[in-house]
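Encoded as structure tokens, the structure appears first; notes follow it.
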Amino acid sequence: MNYKCGACAELLTDGVHCTVCKQQLHFQCAGITEAGYRKLGDRKLTWRCGKCKQTTPTQPLSPRIEPESLIMRELRAINDKLAPLECLKDEVVALRNEFEELKGSFNDTNKELREFSARFTDIEHRLLQVEKAQKQVDSIQNRLDKLEDETNAGEQWARMNNIEIKGVPQVSNENLFEILSSLGSQISYPVNKTQINFLTRVPTREKDRAKPIIVCFCNRYVKEDFLAAARSTMKSRPLTLGRVGLSGGHKIYVNDHLTTQNKFLLSKTKKAAAERGFRYVWVKHAKIHARKNDTSPVIVVKSELDLAKIM
């Protein structure tokens with residue numbers, strides 16, 4: 001299907017997609033190379049055009065339950081700007097090889113060819129400067145990756161007392177504590193208001209689904225015990241809406257409240273485990289674990305680099 005570029009209004013068959021204004025743009029109109037855009041991976045889900053980056057307002061939630069902090073959004077914006085440079089090194093190497101072959105084919109005794117050789121030498125000097133810049137970019141990227149990991153770890157630590165309840169439809173004038181109380185009765189772990197710090201719904205990327213309910217317990221041990229009771233119940237008998245006094249037979253899921261980055265990592269871990277015949281993938285204390293069978297060692301997945309351990 002052909003689209004019109006949101007910048008130049010010319011027809012295009014391939015390009016980038018802005019997740020805010022929903023427009024399609026040519027790579028050159030968007031200020032990014034095709035190779036750079038392909039390498040964004042999951043970051044394409046949050047890619048914004050230059051206009052939307054300047055006009056999209058930020059509406060932060062409570063620091064404890066914010067799906068993606070201001071720092072994380074700024075880091076992703078910087079990563080988006082650096083993405084076109086990721087393929088620069090390979091292009092530079094290819095250019096250097098071309099010039100070396102051309103230089104070797106010329107006879108320096110000829111005046112005109114010596115001029116060409118001088119031009120190539122100048123280009124070679126400029127390429128060295130580009131390579132130096134690439135090293136600096138690589139260094140900045142490494143520091144950004146480290147900062148992003150540290151920020152994600154801090155956000156996850158702030159959510160250690162939280163659980164996330166999915167599958168409960170949102171209705172007007174709902175009483176979230178009554179829903180939680182009914183859920184506690186079904187898993188044989190009753191809770192009272194003195195054990196709860198706050199209870200709310202938060203936005204989700206999945207627009208067609210109800211907002212999940214976030215429960216922040218005052219005590220981490222109470223949270224872990226509640227979660228363990230819920231998981232034990234779900235293994236023997238699914239939790240459904242009907243069991244908590246709501247209409248419908250849809251299942252309810254109770255899990256750790258993971259950060260957006262860790263949710264993506266969990267999804268990738270499950271996919272890698274399925275491809276390599278791993279039987280178990282689970283989350284405990286907000287950490288992702290994988291195990292091939294009942295006797296194999298447990299693998300803790302903290303980053304995408306750890307996915308290589310799933311073999």
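Pick from region 41-78 the residues that are of a type in the set (Val, Ile, Thr), surrounded by 14 or more Cβ atoms within 10 Å (Cβ to Cβ) and closer than 30 Å to residue 197 by Cα: which of them is modelled with the lowest pLDDT? The qualifying residue modelled with the lowest pLDDT is 65. Could you say whether any residue in region 200-221 is outside any helix (DSSP H, G or I), touching a helix residue (DSSP H, G or I) at 6+ places or on another chain (Cβ under 9 Å) and within 26 Å of residue 41 (Cα to Cα)? Taking every residue of region 200-221 in turn, at least one turns out to be outside any helix (DSSP H, G or I), touching a helix residue (DSSP H, G or I) at 6+ places or on another chain (Cβ under 9 Å) and within 26 Å of residue 41 (Cα to Cα).
When the test is whether a residue is of a type in the set (D, E, K, R) and at pLDDT 90 or above, residue 135 does not pass it.
Being within 13 Å of residue 165 (Cα to Cα), outside any helix (DSSP H, G or I) and touching a residue at least 24 places away in the same chain (Cβ under 8 Å) is a property that does not hold for residue 179.
Can you name the residue in region 225-264 that is among the aliphatic types (A, V, I, L, M) and under 22 Å from residue 173 (Cα atoms) and, of all such residues, is surrounded by the most Cβ atoms within 10 Å (Cβ to Cβ)?
Restricting attention to region 225-264, the residues satisfying the condition of being among the aliphatic types (A, V, I, L, M) are 227-230, 234, 239, 241, 244, 246, 252, 254, 258.
Pick out the ones that are also under 22 Å from residue 173 (Cα atoms) and you get 241, 244, 246, 252.
Details: 241: 17, 244: 19, 246: 17, 252: 21.
Residue satisfying both the conditions and the ranking: 252.
Note on region 82-122: among residues that are more than 30 Å from residue 141 (Cβ to Cβ) and outside any helix (DSSP H, G or I), the one that is modelled with the highest pLDDT is 110. Candidates are the residues of region 245-262 that are under 19 Å from the mean Cα position of the chain (by Cα) and assigned to a loop (DSSP other than H, G, I, E, B); the one that is nearest to residue 212 (Cα to Cα) is 257.
Considering region 130-147, and only residues there that are surrounded by 15 or more Cβ atoms within 10 Å (Cβ to Cβ) and among the polar types (S, T, N, Q), the residue that is farthest from residue 217 (Cα to Cα) turns out to be 134. Evaluate the following for residue 267: is it touching a residue at least 40 places away in the same chain (Cβ under 8 Å) and either farther than 21 Å from residue 161 by Cβ or surrounded by fewer than 15 Cβ atoms within 10 Å (Cβ to Cβ) (or both)? It is false that residue 267 is touching a residue at least 40 places away in the same chain (Cβ under 8 Å) and either farther than 21 Å from residue 161 by Cβ or surrounded by fewer than 15 Cβ atoms within 10 Å (Cβ to Cβ) (or both).
Per-residue answers, yes or no, for (1) polar (S, T, N, Q); (2) surrounded by fewer than 13 Cβ atoms within 10 Å (Cβ to Cβ):
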{"residue": "149", "(1), (2)": "no, no"}
{"residue": "153", "(1), (2)": "no, no"}
{"residue": "167", "(1), (2)": "no, no"}
{"residue": "171", "(1), (2)": "no, yes"}
{"residue": "174", "(1), (2)": "no, no"}
{"residue": "184", "(1), (2)": "no, no"}
{"residue": "189", "(1), (2)": "no, no"}
{"residue": "194", "(1), (2)": "yes, yes"}
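The values are calculated or read from the model by the stated rules, or taken from the named source; none is laboratory data. Keep in mind that what you see is a predicted model, and the values were worked out from it rather than measured. Glycine also receives a Cβ, built like all others from the backbone with ideal geometry; neighbour counts cover every protein chain displayed.
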